[in-house]
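J.: I have a structure here, written as structure tokens, and I will follow up with some questions on it.
Where a number appears in this text, it was derived from the coordinates with a stated rule and is not lab data. No experiment lies behind these values; they were computed from the predicted model shown. Here the Cβ positions follow ideal geometry from the backbone for every residue, glycine too, while neighbour counts run over all protein chains shown.
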Amino acid sequence: MTIPIKTEKEIQIMRKNGKNLAGIMEKISKKVAPGVKSQELNELAEKLIIELDAKPSFKNYNGFPAALCVSINEEIVHGIPYNKTLKHGDIVSLDLGIYKNGFHSDMAITLPVGEISYEAKHLIKTTKKALKLAIRNIKTSNTFGDISNIIQRHIESQGYSVVRELCGHGIGRELHEDPEILNYGKRKTGPKIKQGMVFCIEPMAAIGKGEIKKGKDGCAYTTIDEKLSAHFEHTIAVTKKGVEILTKI
């Protein structure tokens, strides 16, 4: 496994991309409401990306037909934004990547649609906190296994399941680079975290079982028992000044 190390100049490009991506995601988030069609969100994402003179990272990647992944309720990731209408009480995960000046950036958030159940709120809060705890523990004295273990322990401590078959990843000139960053694992295992690494941490949690299956659209992965799942993701850089969230809204 060769984990690419980025130069300061390359991280600066990714920093700008990440800021732009976060700005786009913030605008899309404000449109999430009951009655909105997922395709409308995708069209807005693509319009904003083109305005930046950037490209959508996901469109045509492994045959994915859209710029934005819109995954609703039991869909974990890679939901195709056909004309699904968001309904009161749904939860929706938005996953978006952009490519500009030779580098990718990637992020995801899960949002409520109108008023949602307490359990759905708690699932979102738990998954979001798992990401926060993981980022807080990114240190050059730690390994990626330490990060994986923190995500697993937090999600399971709240009574949820970790989605084990999907994971985070390195990012840069390629959308997916080494290493794979699992959402479960043992401390002090895996590669050491080093300055110059840029990667995506993306905890995924489910109310029921963590196993997955392909969804009806042929791209989405859903929970095997069709219970709710949540997903958050940031692109992170390890710089000489410390750990930096490149996709912070």
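J.: Among Ser161, Ser93, which comes first, second and so on when ranked by fewest other beta-carbon atoms within 10 Å?
T.: Ser161, Ser93
J.: State to the nearest 20 debye the size of the charge dipole of the chain about its Cα centre, where the only charges are +1 on K and R beta carbons and -1 on D and E beta carbons.
T.: Here the size comes out at about 880 debye.
J.: Find the Cα radius of gyration of the stretch 115-177, compare it with 2.2 N^0.38 Å by division, and give the number to two decimals.
T.: 1.28
J.: Please report the relative contact order for the chain, taking Cα pairs under 8 Å with a sequence separation of at least 6, and give it as a percent rounded to a whole number.
T.: Reported as a whole number, the value is 23 percent.
J.: Still on this structure, I have one more. Can you give me the Cα centroid spacing of the stretch 130-149 and the stretch 48-100 in angstrom?
T.: Result: 27 Å between the Cα centres.
J.: Would you look at the GNM of the chain, springs on alpha carbons closer than 10 Å, and say which of Gln152, Gln12, Gln39 moves the most?
T.: Gln12
J.: At most 10 other Cβ atoms within 10 Å and a DSSP loop assignment: could you name the trypsin sites (Lys or Arg not before Pro) in the stretch 1-84 that fit?
T.: Here the sparse-neighbourhood loop sites are Lys30.
J.: Now, a different point. Which of the DSSP-defined H helices in the chain satisfy a minimum axial length of 24 Å, computed from C-alpha atoms, and a minimum mean Kyte-Doolittle hydropathy of -1.0?
T.: What comes out of the filter, once short or polar helices are dropped, is 8-29, 118-136.
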